[in-house]
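The structure appears right after this line, and notes come after that.
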Amino acid sequence: MKNREIAKIFNEIAEYLEMEGVRFKPYAYQKAAITLENLKDSIDDIYGQGGLKALKAIPGIGESIAQKIEEYLQTGKIEYYEEFRRKLPINLDELIAVEGMGPKKAKILYEQLGITNLAELEAAARAHKIAPLKGFGAKTEANILEGIEFLKKSTGRFLLGEVWPLADQLLAALRALPEVDRADVAGSFRRKKETIGDLDFLVVSTQPDKVMAFFISQPDVVKVQAHGPTKSSVRLRQGLDADLRVIPAESYGAALQYFSGSKEHNIALRQIAIDQGYKLNEYGLFDQHDQAIAGRTEEEIYQALGLAWMPPELREDRGELAAAREGRLPRLIDYGDVKGDLHVHSNWNGGAQPIAEIAQAALALGYEYVGIADHTKFLRIEHGLDEEQLLARNQEIDRLNETLAREGKQFRILKGCEANILNDGGIDIADEVLAQMDYVIAGIHSAFRMPRDEMLRRLQTAMANPHVDIISHPTGRILKRREEYEVAVGDLLRLAHDTGTILEINAYPERLDLGDVNIRAAKQAGVRMVINTDAHHVDQLRYMPLGIAQARRGWAEKEDIINVWPATRLLAFLKKP
Ligand code: DGT
Ligand code: CA
Ligand code: CA
């Protein structure tokens, strides 16, 4: 798939353009990148069938961008991009992955200190060469070093959102083989952890040789690390490894249990087995005489140990084994339970997606409602709407709702916004306009690095606002890039509880914020949550399962999540100013 390669180049072009202070154009490239990443068909095929014309017919791809795609498909290069790279021969991707580093800073550091990559950046920061530069200072230098440390901790892991389509695709290919009787992905992917180290495939087959040969010759495989009759291991083009194990049918349940982990869960489970005089391993559950007691299914293993089977998302040794023994496992929210998405950005004032198209996409997903939560005026780069524009947009939503009702659709578009929490906790939209929304999301999009007390006061002021119903991405983390802001989650939860404010579980792949542990704490604190995609493009509505997965890892039940409720109940639950 060339789609992702070209998307990556377009994203970099956008960075270069931003570096040069060019307006609007970076956005066009970013938009094209998102479109490419979400395209269901390979761009190669589209071009092969319809040429340049077919490329231009893709929404979000204009003439000049279509030509660059054509150039890449024909020559493997885009000259416009190569030119940028010649002017500024730096590893931009690597440098801007560091929190606090943007394209503009990368450019200055190259020009002033000749920094081209991460190692050079770290060396310069450690030697205190960055602090004296104009516009940097000791604090920025320290932040850069902190950012590098954070990055080092997370390298080698991949976002669940990146891995999910890949895992599905490989699994479908394995399951389609006539030689394969059963196939699953185990490991952290089955537990839907927010980041994945590697993929662990298991199959039952009477012809392992054929399955192994098929696996190591998949188009995404760039390197074969091991190729044996029961286990093979490959490196995929996306950078992560995948293992495949062939398992005898009679121990498939034991293997699935063992390789699903987590390691901590397994260690605790093995101890439970030992305490009952059994032995548990990836081949099965055995008694003192090495007689197999269970092994064919996971259920029979847990059952033989006096435990209820539990969804893999719970298996982190965080109390699930005691709950399974005592019959008090949570009834987790399920992947089909969500009735609508309350955080979708539209094309108002230059965004990417018309509201009518969002509504159609939400209907196709089987939703009962969708909430348009456009950015507001403080976020100028994200096309934030001012009061007047919000009201005009609301009128458009009213009209669209009338049309939907006339067509007999049991579906409603809700009028929301994602307003900004300013440094003092104020909201960047006037109260009388907030009052005309169905609901208001407020989020922090600036000044992330406030001291803890100030951040808490800022959030307190925002949550005390009777118009603010939901706080988006409440801890501000960006996976592999930015840590949570300085705010004690306990304080945040207490505030949310006391003010009746709902916290978001943002399903955007880089965010997953709240994360699993915080979701569990929110539930325990009696705080309600909403799972939202934060989609800036209709194709991103499909991020929802990522958020649901994290909610399940946080033991969330239907009662905890307001967007599994019908619209009437949801709206009645919001704050009443
Ligand atoms: P990852 O790949 O780092 O995202 O995380 P996992 O959980 O997929 O870990 P991985 O791939 O190293 O191993 C797959 C499963 O195998 C793991 O979840 C539990 C099991 N496992 C691995 N090492 C051990 C071990 O030392 N003891 C026990 N009891 N189980 C293990
Ligand atoms: Ca793994
Ligand atoms: Ca593994």
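Rounded, prolate or oblate for the stretch 487-577? Axes are the square roots of the Cα gyration tensor eigenvalues, ordered a ≥ b ≥ c, and the cut-off for rounded is a/c under 1.5. Each step should come with its number before you reach the end.
Values: a/c = 1.68, a/b = 1.20, b/c = 1.40.
Oblate is the answer for the stretch 487-577, as a/c is 1.5 or above yet b/c matches or exceeds a/b.
If R₀ is 30 angstrom, what is the calculated FRET efficiency for the pair Arg175 and Glu557, using the beta carbon separation as r and rounding to 0.05? Result of the calculation: an efficiency of 0.45.
Ranking Asn394, Ala322, Ala419 by Cα position along the charge dipole of the chain, where only Lys, Arg, Asp and Glu carry charges on their C-beta atoms, puts Ala419 farthest toward the positive end. With R₀ fixed at 35 Å, the C-beta to C-beta distance from Glu454 to Gln395 puts the FRET efficiency at about 0.35.
Here is the P(r) of the stretch 35-122: all C-alpha pair distances, binned every 10 Å from 0, give 15, 35, 24, 22, 4 in whole percents.
Give me the one-decimal Kirkwood hydrodynamic radius in Å for the stretch 2-153, with the sum taken over alpha-carbon pairs. Mean inverse Cα-Cα distance, inverted, gives 16.8 Å.
Ligands, DNA and RNA aside, Lys279 has an accessible area near 100 Å² when probed at 1.4 Å.
If R0 is 41 Å, the Cβ-Cβ spacing of Gln49 and Lys129 corresponds to a FRET efficiency of close to 0.15. Classified by the C-alpha gyration tensor, the stretch 464-518 has a prolate form. Its axis ratio a/c, with a ≥ b ≥ c, is 1.5 or above, and a/b is larger than b/c.
These residues, Leu121, Leu365, go from largest to smallest accessible area, 1.4 Å probe, as Leu365, Leu121. I'd like the Kirkwood hydrodynamic radius of the stretch 375-466, using the inverse of the mean 1/r over distinct C-alpha pairs, in Å. The Cα-based Kirkwood calculation yields 14.4 Å. Amide H contacts for Thr533 (H built 1.01 Å from N in the peptide plane; partners 5 or more residues away or on another chain; cut-off under 5 Å): Leu342, His343, Ala507. Electrostatic tally near Tyr252: other residues with Cβ closer than 13 Å to its Cβ, Lys and Arg +1, Asp and Glu -1, net -4.
Sparsely packed loop sites in the stretch 29-92 (the trypsin sites (Lys or Arg not before Pro) outside DSSP H, G, I, E and B with at most 16 other Cβ atoms within 10 Å) comprise Lys40, Lys77. Taking trypsin sites (Lys or Arg not before Pro) across the stretch 346-429, the ones in a DSSP loop with at most 16 further Cβ atoms lying within 10 angstrom of their Cβ are Lys409. Apply the a/c threshold of 1.5 to the C-alpha gyration tensor of the stretch 164-265 and tell me whether it is rounded, prolate or oblate. In terms of gyration-tensor shape, oblate. The gain in end-to-end length when the Gln524 to Gln288 segment is fully stretched comes to 80.8 nm, 0.36 nm per residue minus the alpha carbon separation. Glu326 contributes about 100 Å² of solvent-accessible surface, heavy atoms of the protein only, 1.4 Å probe.
Could you pull out the pairs from Lys107/Lys153; Lys129/Lys153; Lys2/Lys480; Lys193/Lys223; Lys231/Lys558 whose alpha carbons sit more than 30 Å apart here? Correct reply: Lys231/Lys558. Divide the volume of the convex hull around the Cα atoms of the chain by the residue count and you get 181 Å³ per residue. Between Leu479 and Arg511, the built amide H atoms are under 5 Å apart, and every one of these is 5 or more places off in sequence or on another chain.
Just name one of Gly147, Tyr302, Thr475: the one whose Cα is farthest towards the positive end of the charge dipole of the chain (beta-carbon charges, Lys/Arg +1, Asp/Glu -1). With unit charges placed on the Cβ atoms, the residue in question is Gly147. A simple spin-label model places the labels of Glu432 and Asp41 5.2 nm from each other, with each point 7 Å out along Cα-to-Cβ.
Run through the DSSP bridge list for the chain and note the antiparallel percent, rounded to the nearest 5. Antiparallel: roughly 45 percent of the beta bridges in the chain. Between the C-alpha center of the stretch 1-75 and that of the stretch 282-322 there is a gap of 49 Å. With the whole protein complex present, Tyr278 retains an accessible surface near 60 Å², based on a 1.4 Å probe.
The values are calculated or read from the model by the stated rules, or taken from the named source; none is laboratory data. Computed from a prediction, not measured in an experiment: that's the story for all the values here. Backbone-built Cβ (ideal geometry, glycine too); neighbour counts: all protein chains shown. Just so you know, the surface numbers come from the protein's heavy atoms only, side chains and all, with ligands and any DNA or RNA stripped out. Shrake-Rupley method; radii C 1.70, N 1.55, O 1.52, S 1.80 Å.
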